[in-house]
Amino acid sequence: MKIALIGYGKMGKAIEQCIAKQTKHEVVLKISKSNLHELTLENLQKADVAIEFTNPESAVKNMLLCLKAALPVVCGSTGWLAEFENVKKEFEINKGAMVFASNFSIGINLFFAINNYSAKLFKMHPQYQVLMSEIHHTEKKDAPSGTAISIKKIIEQHISTQVIPIEALRIENVVGTHHVLFESPVDEVELIHKAHSRNGFAEGAVLAAEWIADKKGMYEFKDVLGIE
């Protein structure tokens, strides 16, 4: 499979390293800030799928360009979901294909499912207050993280009577840590996910690219993993 990498920062390079370990895939296009002029329909059409990890300002434009090129896209950029309905409409009208997620780690997506189940249980015990925090590297631009916002939305599906605060910290060389605390006057239950490297995100993004290559429609990473 021929892959276009749109965004060649730390995540893009981790994805390239992940692909390099396999013989069945090839990176045919790498787009960074220094060669944006190469992000064209003609170049995109040389690939079978695109993996997009940029920033909230350029993500939507990049996805729509992939759609115009009839290229399935895996989007790991966060901070663009205010435009979600418009993007969804364009992909549905033009029969495009996309997998999007705030986090492509297999572990964090299982963490989503654990929080979903936990929220169902704690819903029946309103004495527990939900508190959240997340820590990322200092180069991360959005705060709170897209992953933290996703966890909050999952919990709010079951616990809608509370205001759930998210503390966002930025510390050098932290890949990503998410805490969810269910706290009462007498005890507390804490759920934690810590990413040790970007390799987990990279492997998940490549898995999503393999999965979406022959499909149409918009999907979340949980669809790739078969998580209810």
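Laboratory data are not the source of any read-out in this text; all were calculated from the coordinates shown. Just so it is clear, the structure is predicted and the values come from calculations on it, not from any experiment. Methodologically, a virtual Cβ is constructed for each residue, glycine included, from the backbone with ideal geometry; neighbour enumeration extends over all protein chains shown.
Results, tabulated for the structure shown:
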{"item": "Calculated Rg and Dmax of the chain using C-alpha coordinates, Å", "result": "18.3, 62"}
{"item": "Segment 1-70: proportion of alpha-carbon pairs further apart than 17 angstrom, %", "result": "36 percent"}
{"item": "Rounded to whole Hz, the Karplus (6.51, -1.76, 1.60) HN-Hα couplings of segment 36-43, x for glycine and proline", "result": "4, 5, 8, 7, 10, 4, 4, 6"}
{"item": "Local electrostatic count, HIS25, Cβ distance below 15 Å [Lys/Arg +1, Asp/Glu -1]", "result": "-1"}
{"item": "Helix-only [θ]222 nm of the chain, DSSP H runs n ≥ 4, -39500 (n - 2.57) each, per residue, nearest 500", "result": "-10500 deg cm²/dmol"}
{"item": "Table column - 3J(HN,Hα) (Hz), segment 135-145, Karplus curve with 6.51, -1.76, 1.60, x for Gly and Pro", "result": "10, 9, 5, 5, 7, 5, 8, 8, 8, x, 5"}
{"item": "Nonlocal amide H pairs with TYR219, under 5 Å, H built at 1.01 Å", "result": "MET98, VAL99, PHE100"}
{"item": "Of LYS24/LYS68; LYS61/LYS222; LYS68/LYS216; LYS10/LYS140; LYS141/LYS222, those spanning more than 18 Å from alpha-carbon to alpha-carbon", "result": "LYS24/LYS68; LYS61/LYS222; LYS141/LYS222"}
{"item": "Local electrostatic count at HIS125 - Lys and Arg +1, Asp and Glu -1, tallied over other residues with Cβ under 14 Å", "result": "-1"}
{"item": "Computed P(r) (all Cα pairs; segment 106-195; 5 Å bins; percent)", "result": "3, 14, 27, 24, 17, 9, 4, 1"}
{"item": "R0 of 30 Å, Cβ-Cβ distance ALA70-GLN157: FRET efficiency to nearest 0.05", "result": "0.30"}
{"item": "Separation in nanometres of the label points that stand 7 Å from Cα toward Cβ, at ASN199 and ILE114", "result": "2.0 nm"}
